Amino acid sequence: MGTTLYDSELKVMEVLWREGTLTAKRVTEILKDEIGWNKNTTYTVLKKCAEKGYLRRDEPDFQCTPLITKDEACQDMTNELIDKMFKGSSELFFSAFLKGKGLDDRQVKHLMDIIEDSK
């Protein structure tokens, strides 16, 4: 899909991923409580997300339903980062990620399991 979520769009989508389908009014209330956004800001970002195909807005009450999952967005954005910053090399990305992380034995085993599963 080529998902690029800007920070503001990510905040809206995080609410929908966490809560499921909500009215635009309810999304506004949640984001006001959580980060202090006003109604106009939230409605503007909801509109952008709908235009990009990340959510659908339906009547009644402008029901907002996410059209992409968090996993899909994460995968798309990770692939975009790898393409942009590491010339498409997952190996270079992984190497840069691990530098200076100081992983414990449990974390190393978990990563090794993920690598093995991806073969």
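General observations
- Subset of the range 11-36 [touching a residue at least 24 places away in the same chain (Cβ under 8 Å) and among the hydrophobic types (A, V, I, L, M, F, W, C)]: V12, M13, L16, W17, L22, A24, V27, I35
- Scanning the range 65-119 for residues that are at pLDDT 90 or above, outside any helix (DSSP H, G or I) and open to solvent by less than 90 Å² (accessible area, probe 1.4 Å) gives T65, P66, L67, I68, T69, G88, S89.
- Test result for E14, loosely packed, with under 14 Cβ neighbours inside 10 Å and acidic (D, E): no
The values are calculated or read from the model by the stated rules, or taken from the named source; none is laboratory data. The model shown is predicted, which means the values in this text are computed figures rather than measured ones. Glycine gets a Cβ as well: all are built from the backbone with ideal geometry, and neighbour counts include every protein chain shown. The accessibility values were calculated without ligands, DNA or RNA, using every heavy atom of the protein model including side chains. Shrake-Rupley method; radii C 1.70, N 1.55, O 1.52, S 1.80 Å.
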